[in-house]
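Notes to accompany the following structure.
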Amino acid sequence: MKTPTSMESALEEAAAAAGRGEVPVGAVLVDARSGRLIAAAGNRTEELNDPTAHAEMLVIREAAAKKGVPRLEDCDLYVTLEPCPMCATAISFARVRRLYFAAFDPKGGGVDHGPRIYTQTTCHHRPEVIGGVEEQAAAEMLKAFFRGRR
């Protein structure tokens, strides 16, 4: 049996979020050296009545708690949608080593779109960013979700 890649795991989290009626965004945080999964989550803003319960925020919180540290310098984050400005800033504050994201978000993104958090002079940590990983799969999931809401 094939072990899913980190982005495939994030896509599974996104699908689970959609099944709960959440915007289908999933994230996983892995140890950069071993590839071991540390935390995984999908959006839970509706379920928790928490506007900050984005997948990225949830995995950062969980990983920091598990590791007992406020900074995740030896970790890579995989997320199915370009992080919003809030999440992009949290990723910077957490000192995540590398950010992989799937679909680009021209309306709400904060990395390659909008405020482009990592290009700001006030940004103290800029993770390496790789966008477009499994972009089509993530974009289709998001489109299907919103099509079903209309």
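The values are calculated or read from the model by the stated rules, or taken from the named source; none is laboratory data. Quick caveat, the model's predicted, so the values are computed rather than measured. For neighbour counting, all protein chains shown are included, and Cβ atoms are generated from backbone atoms with ideal geometry for every residue, glycine included. For the accessible areas, the whole protein counts, side chains as well, though only heavy atoms, and no ligand, DNA or RNA atoms are used. Shrake-Rupley method; radii C 1.70, N 1.55, O 1.52, S 1.80 Å.
Can you tell me how much longer the chain between residue 147 and residue 49 gets when fully stretched, taken as 0.36 nm per residue apart minus their C-alpha distance, in nm with one decimal? Before the final figure, lay out each step's value.
Numbers: separation 98, 0.36 × 98 = 35.28 nm, distance 2.32 nm.
Length gained between residue 147 and residue 49: 33.0 nm.
Calculate for the chain the 222 nm mean residue ellipticity that helices alone would give, adding -39,500 (n - 2.57) per DSSP H run of length 4 or more and normalising by residue count, nearest 500 deg cm²/dmol.
Working: 5 runs with 55 residues, N = 150.
Value at 222 nm, helices only, nearest 500: -11000 deg cm²/dmol.
For the chain, set up a Gaussian network in which alpha carbons nearer than 10 Å are linked by springs, and say which option among 116, 44, 33 fluctuates the most.
Between 116, 44, 33, it is 33 that shows the largest mean-square fluctuation.
Placing unit charges on C-beta atoms (Lys and Arg positive, Asp and Glu negative, everything else neutral), compute the dipole magnitude of the stretch 1-135 about its Cα centre in debye, rounded to 20. Don't jump to the answer; show the numbers that get you there.
Details: 15 positive and 19 negative charges, 105 e Å.
About 500 debye.
Apply the Karplus curve 6.51 cos²θ - 1.76 cosθ + 1.60, θ = phi - 60°, to the phi angles in the stretch 73-88 and return the couplings in whole Hz, x for Gly and Pro.
Once rounded to whole Hz, the list reads 4, 9, 10, 10, 10, 10, 9, 7, 9, 3, x, 6, x, 4, 5, 4.
Expressed as cubic angstrom per residue, what is the convex hull volume of the alpha carbon set of the stretch 17-86? Before the final figure, lay out the partial values.
Values: hull volume 6.4 nm³, N = 70.
With only Cα atoms used, the stretch 17-86 gives 92 Å³ per residue.
Using a 1.4 Å probe on the protein chains only, how many percent of the accessible area of the chain belongs to carbon and sulfur? Each step should come with its number before you reach the end.
Details: 4040 of 7730 Å².
Within the chain, the accessible surface is 52 percent carbon and sulfur.
Pick the calculated Rg and Dmax of the Cα atoms in Å for this structure from (i) 16.5, 53; (ii) 14.2, 46; (iii) 15.3, 51?
Step by step, Rg and Dmax of the Cα atoms in Å for this structure corresponds to label (ii).
Name the long-range amide H neighbours of residue 80: under 5 Å, sequence gap of 5 or more, or other chain; modelled H, no Pro or chain starts.
Amide H neighbours of residue 80: 26, 102.
As an exercise, use a Förster radius of 25 Å and the Cβ-Cβ distance of residue 136 and residue 113 to find the FRET efficiency, rounded to the nearest 0.05. Walk me through the numbers on the way to the answer.
Values: r = 18 Å, r/R0 = 0.73.
Given R0 = 25 Å and the Cβ-Cβ separation, E is 0.85.
Probe of 1.4 angstrom, ligands and nucleic acids ignored: what's the accessible area per residue over the stretch 50-150, in square angstrom?
On the way: 5220 Å² over 101 residues.
For the stretch 50-150, the solvent-accessible area averages 52 Å² per residue.
Determine the order of 7, 86 by accessible area, beginning with the largest, at a probe radius of 1.4 Å.
Details: 7 5, 86 65 Å².
Result of the area sort, largest leading: 86, 7.
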